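Peer 1: I am attaching a structure below and will ask some questions about it afterwards.
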Amino acid sequence: MKRSDLLELLALAAVWGASFLFMRVGAPEFGAVPLAGLRVIGATLVLLPLLAMRGQIAPLRTHWRPILLVGITNSALPFMCFSYAALTISAGLSSIFNAATPLFGAAIAWLWLRDKLTPLRTLGLVIGFLGVFGLAYTKASLKADVDGTRVALATLACIVATVSYGFSANYTKRCLTGVPPMAVAAGSQLILPTFMLWPATMPSTAAWTNLALLATVCTGVAYVLYFRLIAHIGPANAITVTFLIPAFAVAWGAIFLGESLTLQMVIGCIVILAGTSLATGFLPRAAQRSTRA
């Protein structure tokens, strides 16, 4: 990975970490579906002019079918899920569940693309999934507890979103390799039924400001960076951005919303990241690079 790629990876992690903050603030006023819908509309307004300036509309027309599916699995569905989760759980906790994205990506690559799983990677999958389940059980009250129902549903929404992201990364690798990243980023912003579920009370100026940042920076700019990284360093390396997102999301949540980081969240995050690192082959590759150095 070049230094420029590493800097882009860190910038993307900081931006996507902030997205959980903006969803946490905006979701209560807009609602999950309108917030997700306005997010992709705003991102589209940013990306399509850039795409036209680069003369890359043609690839969008040629590959519209696979790009449409990426729009569903990499934008519409996960955006709605995380917006729904933001109504109940903290930005930091949502981002920790999001860190399991490479874990599901590795599992899907094994099941679908016949990606080889070594004993070490298999152990990583087991550890990672135990971390996800353990965090869900302790933090989301997945017990016989009526009061924990909303939190349990929010946790389930986060897991659905991470599975969707994991599928999308593998599908992009299989079906959209060679397609300009800007075309994939712009075309994958699927429009949702935003105004059918519009809130009865007009959202505040602060909520609109959070939405604007969420749409333009955390979605429009971020997806250009993300698909650029997939093209430059491959999906397995690009998806490791989720290792870094929780640190930024927890920091932004603590600074701007006064959210706290609990011991269960720390332990769950460590277990998930450790398992994910093994499952994706990240730790063995890092160890090999260190030995060669």
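Every number here is computed from the coordinates shown, using simple stated rules; none is lab data. Treat the numbers as computed from the prediction; the structure is a model and nothing was measured. Don't worry about glycine lacking a Cβ; one is built from the backbone with ideal geometry, like all the others, and counts go over all protein chains shown.
Peer 1: Once fully extended, how much extra length lies between Asp115 and Arg3, figured as 0.36 nm per residue of separation less the alpha-carbon to alpha-carbon distance?
Peer 2: Contour length minus Cα-Cα distance gives 37.5 nm.
Peer 1: Where the centroid of each part is defined by its Cα atoms, how far is the range 212-250 from the range 57-91 in Å?
Peer 2: The two parts, judged by their Cα centres, are 14 Å apart.
Peer 1: Still on this structure, please answer the following. Could you work out the local net charge near Leu214, counting Lys and Arg as +1, Asp and Glu as -1, over the other residues with Cβ closer than 15 Å to its Cβ?
Peer 2: Taking every Cβ under 15 Å from that of Leu214, the sum is +1.
Peer 1: Kindly identify the range 1-140 as rounded, prolate or oblate by the Cα gyration tensor criterion: order the square roots of the eigenvalues as a ≥ b ≥ c, call it rounded if a/c is under 1.5, otherwise compare a/b with b/c, prolate if a/b is larger, else oblate.
Peer 2: Here the range 1-140 falls in the oblate category.
Peer 1: Using the Cβ atoms and a cut-off under 13 Å, what net charge is assigned to the surroundings of Leu35, where Lys and Arg are +1 and Asp and Glu are -1?
Peer 2: That sum, taken over residues with Cβ under 13 Å, equals +1.
Peer 1: Place +1 on the Cβ of every Lys and Arg and -1 on the Cβ of every Asp and Glu in the chain, take the dipole about the Cα centre, and give the residue among Ala279, Gly234, Ala183 whose Cα lies farthest towards its positive end.
Peer 2: Final value for the positive-end residue is Gly234.
Peer 1: Take each uninterrupted DSSP H stretch in the chain, measure its Cα extent along the helix axis, and return the ones at 27 Å or beyond whose mean Kyte-Doolittle hydropathy is at least 1.0.
Peer 2: 32-53, 119-139
Peer 1: Another question about this same structure. For the chain, set up a Gaussian network in which alpha carbons nearer than 10 Å are linked by springs, and say which option among Ala254, Ala169, Ala106 fluctuates the most.
Peer 2: Ala254
Peer 1: Over all distinct Cα pairs, what is the inverse of the mean 1/r for the range 3-292, reported as the Kirkwood hydrodynamic radius in Å?
Peer 2: Every distinct Cα pair counted, the radius reaches 19.1 Å.
Peer 1: Which of Ile255, Ile127 comes first, and how do the rest follow, when ranked by fewest Cβ neighbours within 10 Å?
Peer 2: Lowest count first: Ile255, Ile127.
Peer 1: In the chain, if the dipole is taken from +1 on Lys/Arg beta carbons and -1 on Asp/Glu beta carbons about the Cα centre, which of Thr73, Leu211, Phe97 is farthest to the positive end?
Peer 2: Result: Thr73, furthest along the dipole toward the positive end.
Peer 1: Have a look at Leu153, Leu47, Leu93 and tell me which one the Gaussian network model of the chain (Cα, springs below 10 Å) gives the largest fluctuation.
Peer 2: Leu153
Peer 1: Okay, moving on. Between Ile267 and Trp208, what FRET efficiency comes out of the Förster formula 1/(1 + (r/R0)^6) with R0 = 30 Å and r the beta carbon distance, rounded to 0.05?
Peer 2: 0.20
Peer 1: Please order Ile96, Ile41 by the number of other Cβ within 10 Å, starting at the fewest.
Peer 2: Exposure proxy ranking, most exposed first: Ile41, Ile96.
Peer 1: With charges only on Cβ, +1 for K and R and -1 for D and E, what is the dipole size of the range 3-292 about its Cα centre, in debye, rounded to 20?
Peer 2: 880 debye
Peer 1: Give the longest segment of the chain that steers clear of trypsin sites (Lys or Arg not before Pro) in DSSP loops with at most 14 neighbouring Cβ atoms within 10 Å, not counting the sites themselves.
Peer 2: 144-293
Peer 1: Given a Förster radius of 25 Å and the C-beta distance between Ile57 and His232 as r, what FRET efficiency does 1/(1 + (r/R0)^6) yield to the nearest 0.05?
Peer 2: 0.65
Peer 1: Expected output is a single nm value to one decimal: the length gained when fully extending between Leu50 and Phe195, i.e. 0.36 nm times separation in residues minus the C-alpha distance. What is it?
Peer 2: Stretched out fully, the Leu50 to Phe195 stretch lengthens by 49.6 nm.
Peer 1: Along the range 195-203, what does the Karplus equation 6.51 cos²θ - 1.76 cosθ + 1.60 (θ = phi - 60°) give for ³J(HN,Hα), rounded to whole Hz, x for Gly and Pro?
Peer 2: 8, 6, 10, 5, x, 5, 9, 4, x
Peer 1: Here's something else I'd like to know. Note down the relative contact order for the chain as a percent, whole number, built from C-alpha pairs under 8 angstrom at least six residues apart.
Peer 2: Relative CO of the chain lands at 40 percent.
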